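Presented below is the structure to which this report refers.
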Amino acid sequence: MKLDFHCHTHHSIDSIIKPRELAAKAKRLGVVPAITDHNTLSSHKELKTLKMRFIPSEEIRTVEGDLIGLYLQEVIPKKTPFLEALDQIKEQGGLSYLPHMFDKTRHGVAYHQLASKVDIIEVFNARCPFQKYNDDAMHFAKKHKKLIAAGGDSHFLFEFGRTYFEVSAEFEDIRDNPKAMLKALKNVKIHGKKAPLFVRGSTLVVKFAKRFFAGLKR
């Protein structure tokens, strides 16, 4: 099975991916994404209506930086302290996943005392501008004997499907079973392809435009 643990929809302030289009492409490519919109789970209802295969998740902007909660049913608020967010993920029966931890151009959490407490480390993020950031994440994961995964961090539809990882489990085995997912992640094959650099600037334009037009509607 192909998985991507880091994907956004237009419910994120900086993405324009429509759930219906994502569902169609995911089905065509056979890639199951974790939907990790920023500080919201609002896309999940529509995706379920579309009968899309996905892992309900959230990218949380904690006080210390970004953290992804996998298998979430309730939103964890923005600016929750990192350790408290970890506790809330566990209380929901979810898994903690640390994205782009060494990326100095974003809100990565490279504090070892915090990062060492998560379940899974993102060792390939397609939007990291320098491969060293991903290499450092892999080194950290190996040193601390952490499970690993990868994410396309897609904000535009064309990005989705370029980066994914493979596990031997079937979706039915891991759909509602975080423990089965942890077991599957013990043997991972990563297929990573870097996103073009222009997507980072384009994302900022999308964020600005959405905020601008939202302000006009008030």
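Coordinate-derived values only; no laboratory data. Since this is a predicted model, take the numbers as computed values, not measurements. In this analysis, Cβ positions are derived from the backbone assuming ideal geometry, glycine residues included, and neighbour counts consider all displayed protein chains.
Got the relative contact order for the chain handy, in percent, Cα pairs under 8 Å and 6 or more residues apart?
So the answer I get is 21 percent.
Between residue 84 and residue 111, what FRET efficiency comes out of the Förster formula 1/(1 + (r/R0)^6) with R0 = 22 Å and r the beta carbon distance, rounded to 0.05?
0.90
How large is the dipole of the stretch 2-217 about the Cα centre if only Lys and Arg carry +1 and Asp and Glu carry -1, each at its Cβ, rounded to the nearest 20 debye?
Once rounded to the nearest 20, the dipole reads 540 debye.
Taking 0.36 nm per residue of separation and subtracting the Cα-Cα distance, what length does fully extending residue 53 through residue 29 add?
Going from the current span to full extension adds 7.4 nm.
Determine the shape class of the chain: with a ≥ b ≥ c the square roots of the Cα gyration tensor eigenvalues, call it rounded for a/c under 1.5, and otherwise prolate if a/b is greater than b/c, oblate otherwise.
Numbers: a/c = 1.28, a/b = 1.15, b/c = 1.12.
Rounded shape, in that the Cα axes give a/c under 1.5.
Taking amide hydrogens as modeled 1.01 Å from N in the peptide plane, which residues meet the under 5 Å criterion relative to residue 6, leaving out close sequence neighbours?
Distant-sequence amide H within range of residue 6: 34, 152, 153.
Using only DSSP helix segments of four residues or longer, with each worth -39500 (n - 2.57), what per-residue ellipticity at 222 nm results for the chain after dividing by its residue count and rounding to 500?
-10000 deg cm²/dmol, from helical runs alone.
Exposure proxy check: 211, 106 ranked by fewest other beta carbons within 10 Å?
On the way: 211 11, 106 18.
So the residues, fewest neighbours to most, are 211, 106.
Amide H to amide H under 5 Å from residue 147: which residues, 5+ apart in sequence or cross-chain, H placed 1.01 Å off N in plane?
Close amide H contacts, sequence-distant or interchain: 121.
I'd like the FRET efficiency for residue 21 and residue 75, computed as 1/(1 + (r/R0)^6) with the beta carbon distance as r and R0 of 22 Å, rounded to 0.05.
Once the sixth-power term is evaluated, E becomes 0.35.
State which entries of 27/145; 48/142; 25/210; 18/143 exceed 31 angstrom in Cα-Cα distance in the structure shown.
Pairs exceeding the cut-off: 27/145; 48/142; 18/143.
Report the one residue of 108, 49, 93 whose Cα lies farthest in the direction of the positive end of the charge dipole of the stretch 45-124 (charges on C-beta: Lys and Arg +1, Asp and Glu -1; origin at the Cα centre).
Ranked along the dipole, the leading option is 49.
Which ordering of 4, 87 is given by a fewest-first count of other beta-carbon atoms within 10 Å?
87, 4
How long is the gain from residue 131 to residue 172 if the chain were fully straight, where each residue apart is worth 0.36 nm and the alpha carbon distance is subtracted?
Gain on extension, residue 131 to residue 172, equals 11.4 nm.
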